[in-house]
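I have placed the structure first, in the form of structure tokens, so that the comments after it can refer back to it.
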Amino acid sequence: MYEVNFTPAFNDNYIWFITHHGNTVVVDPGCADSVNDYLNTHNLTLCGILVTHHHKDHTGGVDSLKKQFPEIPVYGPKNSPFKGITNSLKQGDKVELPWVNAEFTIWETPGHTLDHICYIDDQSAFVGDTLFASGCGRLFEGDAQQMHASLLPFLDLDPSIQMYCGHEYTLANVRFANTVEPDNLIIADYLEVVERHTEKGMATLPTTLQTEFDTNPFLRFREPSLVKSVECWYGDSLSDEAIIFEQTRAWKDQLDASGVLE
Ligand SMILES: [Zn+2]
């Protein structure tokens, strides 16, 4: 089976590498220099590029890598405004990556952007900016209804699946989770672990889906403790789980804007 590693880029991006026997496929290469450094250090052959969505910090290195390695395929969403994609993907498509012994199924997950897709198999989920450890992407292009619908299928995945997210936002996210559910001991324990890791400059990713089920406010819209807390913040009862998700997102956006989670 393949292994997965990362190199950091910019302030808080992660560029993931799916590697098998000296071959690698890169996910969301926002920066070509970071990718080249990683390839050289680890003596790897780049065989393909996977793109989750059009944002520059996920695609900025594609053109330069494609000039360097003209023969490699660039997989990405069919409806993407990013023009560097050679192999377009839509809901349910299978991506075979024989160089690294992998095959992923495509999930369309509009919300953060309208073109966002995730790459899923039975051990990994490359989720870009759809999900973060204890968080989810901000709704720049889609709405809360859409994002809630995009996240629902994750509830049915195997909890042991490793989640490879696009950013290190974990500390602020778990602080928010702890604000929403102050009596949740799993979240309190996780906050301590994440604080320790972050202090030492260690990555908190990948996470597992089980950790997300236990700690992520944006996947916990069915949990009575979260619902009660969000309704209390909102000041009224909330009729369905998409609205609960929407108000959880609104609460986090408000705290992000005020800087209290930093
Ligand atoms: Zn993004």
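Points worth noting:
- Selection status of residue 115, more than 30 Å from residue 193 (Cβ to Cβ) and either basic (Lys, Arg) or part of a loop (DSSP other than H, G, I, E, B) (or both): yes
- Among (1) in contact with a strand residue (DSSP E or B) (Cβ under 7 Å, 6 or more places away or on another chain); (2) assigned to a helix (DSSP H, G or I); (3) small (Gly, Ala, Ser), the one test that residue 48 misses: (2)
- If you go through the range 232-242 and keep only what is part of a helix (DSSP H, G or I) and free of Cβ contacts under 8 Å to residues at least 12 places away in the same chain, you end up with just 232.
- Against the conditions (1) out of contact with any His (no Cβ under 9 Å at 6 or more places or on another chain); (2) in a helix (DSSP H, G or I), residue 246 satisfies every one except (1).
- Scanning the range 138-167 for residues that are under 27 Å from residue 193 (Cα atoms), touching a strand residue (DSSP E or B) at 6+ places or on another chain (Cβ under 9 Å) and within 14 Å of the ligand (Cβ to nearest atom) yields 165, 166, 167.
- Count of the range 117-137 residues which are more than 12 Å from the ligand (Cβ to nearest atom) and among the aromatic types (Phe, Trp, Tyr): 2
- Screening the candidates 88, 34, 80 for the property of being surrounded by 15 or more Cβ atoms within 10 Å (Cβ to Cβ) and more than 22 Å from residue 151 (Cβ to Cβ) yields one hit, 34.
- Restricting 114, 89 to residues that are more than 22 Å from residue 9 (Cβ to Cβ) and within 16 Å of the ligand (Cβ to nearest atom) narrows the list to 114.
- Close pairs (8 angstrom Cβ cut-off, 6 or more residues apart or separate chains): over 19 Å from residue 14 (Cβ atoms) and within 16 Å of the ligand (Cβ to nearest atom) in the range 50-77, assigned to a loop (DSSP other than H, G, I, E, B) and among the basic types (Lys, Arg) anywhere: 77/90
- Of everything listed in (1) outside any strand (DSSP E or B); (2) within 30 Å of residue 22 (Cα to Cα); (3) among the hydrophobic types (A, V, I, L, M, F, W, C), the single unmet condition for residue 126 is (1).
- Subset of the range 91-112 that is touching an Asp or Glu at 6+ places or on another chain (Cβ under 7 Å) and part of a loop (DSSP other than H, G, I, E, B) - its residue that is farthest from residue 132 (Cα to Cα): 91
- Residue in the range 239-248 that is in contact with a Phe, Trp or Tyr (Cβ under 7 Å, 6 or more places away or on another chain) and within 19 Å of residue 188 (Cα to Cα) present: yes
- All told, residue 142 falls short of being at positive phi, modelled with pLDDT of 95 or more and not in a helix (DSSP H, G or I).
The values are calculated or read from the model by the stated rules, or taken from the named source; none is laboratory data. Predicted, not measured: the structure shown is a model, and the values here were computed from it. Note that we place each Cβ from the backbone using ideal geometry, even for glycine, and neighbour counts take in every protein chain shown.
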